[in-house]
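The values are calculated or read from the model by the stated rules, or taken from the named source; none is laboratory data. From a predicted model like this one, the values you see are computed outputs, not experimental measurements. Ideal geometry is used to build each Cβ from the backbone, glycine not excepted, and the neighbour counts take in all protein chains shown.
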Amino acid sequence: MDKKVVLITGCSSGIGLSLAVRLASDPNKKFKVYATMRNLAKKERLLECVKGLHKDTLDILQMDVTSRQSILDARDRVVENRVDILVCNAGVGLMGPLEVQSLDSMRQILEVNLLGTIQTIQAFLPDMKAQGKGRVLVTGSTGGLHGLPFNEVYCASKFAIEGACESLAVLLQHFNIHVSLIECGPVNTDFLVNLQKTELGDESLQLVDTHTLSLYEKYLQHCGSVFQNAAQDTEDIVKVFLDAIQSPSPAFRYFTSGVMPPLTKLKITEPDGSRYISAMSKIIFSAEEQ
Ligand SMILES: NC(=O)c1ccc[n+]([C@@H]2O[C@H](COP(=O)([O-])OP(=O)(O)OC[C@H]3O[C@@H](n4cnc5c(N)ncnc54)[C@H](OP(=O)(O)O)[C@@H]3O)[C@@H](O)[C@H]2O)c1
């Protein structure tokens with residue numbers, strides 16, 4: 001049987017890397033994986049994980065999702081001339097008080113997370129439609145389902161991805177193309193290191209009022225403890241990707257924790273939003289701030 005051709009973005013670390021390794025190591029060699037990354041100088045980590053054993057199931061390609069040309073060049077290097085499963089995973093975070101974020105930083109996040117994902121899908125869509133089948137999997141975030149203070153632009157980018165994917169899913173079912181979002185909570189990856197974060201000592205914070213600063217400090221503590229105590233490992237996330245990939249009729253949305261997180265549920269059960277806002281605020285900033 002022909003191998004399923006999988007192309008994954010953002011494979012230099014984290015979820016993309018783990019997924020590429022797992023699929024390329026499939027015992028039945030069911031997949032041919034094109035692991036893409038914007039900077040090929042970072043490919044050693046991936047190569048170390050596969051230990052040179054996967055020459056027939058893994059290829060590494062350069063792809064920067066913010067560059068249309070780079071996406072098209074990678075697409076043209078897929079020797080099978082088709083991609084059965086496209087995984088849009090590349091993403092970056094932006095954390096800090098909104099008033100200190102430069103237009104450039106905010107643009108960069110939207111360029112990668114939103115437009116990068118959309119223009120990657122755009123590049124592969126005509127071929128999938130022509131084939132009459134395909135899978136598009138996108139690494140989503142619970143930050144795309146409910147808002148998080150000090151992550152306004154990141155959440156905006158991930159909320160926007162929800163809208164783009166849901167809209168596409170409605171259309172693409174008519175082409176036998178399934179779109180799935182893999183909704184992650186905190187995951188142990190390089191995400192926190194790679195994100196653009198306003199550090200507490202940053203000069204830019206001198207212009208910020210003291211109340212915001214003290215709330216930001218609390219948020220950073222909360223974030224640190226959530227990642228320390230509740231983050232999933234990339235292997236857990238990869239299992240969910242595999243469920244979606246192997247399902248004959250994949251769902252649109254998968255929660256990596258298995259069920260919809262309670263805070264996300266609150267948005268559905270209490271649609272006016274006030275319960276969510278006070279619950280999240282209480283969790284992060286503690287009761288005395290209410
Ligand atoms: N970790 C979490 O807690 C978490 C939670 C929810 C959702 N997610 C989502 O999961 C996805 C993967 O993140 P991760 O946690 O695995 O973090 P990560 O280890 O930082 O991986 C992010 C990947 O995206 C790549 N990337 C960034 N900009 C790119 C660009 N312009 N073109 C191509 N690749 C680019 C990075 O490449 P470089 O090495 O070159 O920067 C890296 O390979 C992201 O979409 C993120 O939003 C993560």
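Conditions tested, residue by residue: (1) of a type in the set (S, T, N, Q); (2) over 18 Å from the mean Cα position of the chain (by Cα); (3) at pLDDT 95 or above.
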residue	(1), (2), (3)
ALA41	no, yes, yes
LYS51	no, yes, no
ARG77	no, yes, yes
GLU80	no, yes, yes
ALA90	no, no, yes
ARG107	no, no, yes
ALA130	no, yes, yes
- Query: Taking VAL79 and the conditions (1) closer than 22 Å to LYS4 by Cα; (2) in contact with a helix residue (DSSP H, G or I) (Cβ under 9 Å, 6 or more places away or on another chain); (3) among the β-branched types (Val, Ile, Thr), which numbered condition does it fall short on, given that it satisfies the others?
  - Reply: (2)
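Residue by residue, here is whether (1) closer than 30 Å to LEU46 by Cα; (2) at pLDDT 95 or above holds:
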residue: ASN188; (1), (2): yes, yes
residue: PRO262; (1), (2): no, no
residue: TYR276; (1), (2): no, yes
residue: ALA279; (1), (2): no, yes
residue: LYS282; (1), (2): no, yes
- Message: Checking the structure you have, find out if any residue of the range 243-256 is surrounded by 14 or more Cβ atoms within 10 Å (Cβ to Cβ), in contact with a strand residue (DSSP E or B) (Cβ under 7 Å, 6 or more places away or on another chain) and basic (Lys, Arg).
- Response: yes
- Query: Would you call MET106 within 16 Å of the ligand (Cβ to nearest atom) and touching a Phe, Trp or Tyr at 6+ places or on another chain (Cβ under 6 Å)?
  - Reply: no
- Query: So how many residues does the range 184-216 have that are of a type in the set (Gly, Ala, Ser), over 16 Å from CYS155 (Cβ atoms) and not in a helix (DSSP H, G or I)?
  - Reply: 1
- Go through the residues of the range 168-188 one by one and say whether even a single one is near the ligand (Cβ under 10 Å from one of its atoms) and either over 18 Å from the mean Cα position of the chain (by Cα) or over 22 Å from VAL238 (Cα atoms) (or both). no
- Message: For a quick check of your reading of the model, give me the residue pairs whose first member lies in the range 182-202 and is more than 30 Å from PRO250 (Cα to Cα), whose second is in a loop (DSSP other than H, G, I, E, B) and more than 7 Å from the ligand (Cβ to nearest atom), with beta-carbon atoms closer than 7 Å and at least 6 apart or on different chains.
- Response: LYS197/GLY96; THR198/GLY96; THR198/PRO97
- Item | Selection from the range 260-279 of residues that are in a loop (DSSP other than H, G, I, E, B) and more than 18 Å from the chain's Cα centre (by Cα) | GLU270, PRO271, ASP272, GLY273
